[in-house]
Amino acid sequence: MSIHYNNFASLILLLQAAKKNPIHYFYEQVDRGANGVVGNPGDKHFKCYHGNRKVITLTKSMKYNLTSKFIHQILNILLTKLTLIVALVTHLKQDFPLMFKLFSVLKDRSSDQPATAEELDIASGKKMLDPEKAKAWFTNLEAASQNIHQAFQKQAEVAAVS
């Protein structure tokens, strides 16, 4: 099997341009870690928009023993994105269960249904909900998401019968 540079370069570009994970609506990338230090080259710092605005740092400490520069680049992109997403989702789930619910709804949506302006404002901490309004808002959001999911299921069933 021969692997060509253009195929790997295209794959790397595709991975980098992939749909943005909605977890990033809840964090902003910052230059410094929680201790105010920039860190090592390749470290990435993300500040949560909620609570005490905790900073989570993803360090670039993994080493690879791969002979191919292109395979190294692909694995680096995939592992970095996966590690980052796991860390950010875990923080949201443990510390902000309502925001984790919003993230889950946004994540489960089809790609043709982007987040609304209101959802983005809530995720980014620009709009605050008091506990009673939050409960009602999330109940409505979950019901709407279930209705949309059911409509897509029915549409798929009709298409399968046709």
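Only a single criterion out of (1) surrounded by 10 or more Cβ atoms within 10 Å (Cβ to Cβ); (2) more than 29 Å from G42 (Cα to Cα); (3) modelled with pLDDT of 70 or more; (4) of a type outside the set (K, R) is not satisfied by P131, namely (1). Just one of (1) at pLDDT below 70; (2) in contact with a helix residue (DSSP H, G or I) (Cβ under 6 Å, 6 or more places away or on another chain) fails for F152. It is (2). If only residues of segment 97-128 that are more than 14 Å from P22 (Cβ to Cβ) and surrounded by 15 or more Cβ atoms within 10 Å (Cβ to Cβ) are counted, the one that is modelled with the lowest pLDDT is L98.
The values are calculated or read from the model by the stated rules, or taken from the named source; none is laboratory data. As the structure is a computational prediction, the values presented were derived from the model and not from experiment. Methodologically, a virtual Cβ is constructed for each residue, glycine included, from the backbone with ideal geometry; neighbour enumeration extends over all protein chains shown.
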